[in-house]
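J.: Mind having a look at this structure? Questions to follow.
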Amino acid sequence: MSNITLETRSESYNRMMETVAERHKQCLEGLAQLNGEATANQLAKLLHAQGKTPVFNRNYVHPRLNELVSMKAVEVVGKRKDEDTNRNVAIYKLVI
């Protein structure tokens, strides 16, 4: 593999890691603003309303919430019917 390819791969990886870390921070701050717990949909709506995501889409936060659960910064504490989809969804609670 050429040095340029290694450099561009490294740059892409570093940029992605900065974005992931920032989205983690946004999710934690958003949960705090929502009294410490929310569904992925509720959190996505908040972040979009604050201009932190370009569109309302729960996929901006759901993978990060799962990662935060793995990091033990957030836990799943129950489920409730989502007001938009009328389906049961997980409730995420801030632990830290």
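J.: Scan the stretch 21-75 for residues that are crowded, with 20+ Cβ neighbours inside 10 Å and assigned to a strand (DSSP E or B) and jot them down.
T.: Within the stretch 21-75, Ala38, Val74 qualify.
J.: Also, I was wondering about something else. So which residues in the stretch 48-96 are small (Gly, Ala, Ser) and either farther than 15 Å from Glu22 by Cα or in contact (Cβ under 8 Å) with a residue 24 or more places away in the chain (or both)? Walk me through it before giving the result.
T.: Residues of the stretch 48-96 that are small (Gly, Ala, Ser), as a first pass: 49, 51, 70, 73, 78, 90.
Those that are small (Gly, Ala, Ser) and either farther than 15 Å from Glu22 by Cα or in contact (Cβ under 8 Å) with a residue 24 or more places away in the chain (or both): Ala49, Ser70, Ala73, Gly78, Ala90.
J.: So how many residues does the stretch 23-60 have that are modelled with pLDDT under 95 and either hydroxyl-bearing (Ser, Thr, Tyr) or more than 29 Å from Arg87 (Cα to Cα) (or both)?
T.: 2
The values are calculated or read from the model by the stated rules, or taken from the named source; none is laboratory data. Note that the structure is a prediction, hence the values are computed from the model and not measured. Glycine gets a Cβ as well: all are built from the backbone with ideal geometry, and neighbour counts include every protein chain shown.
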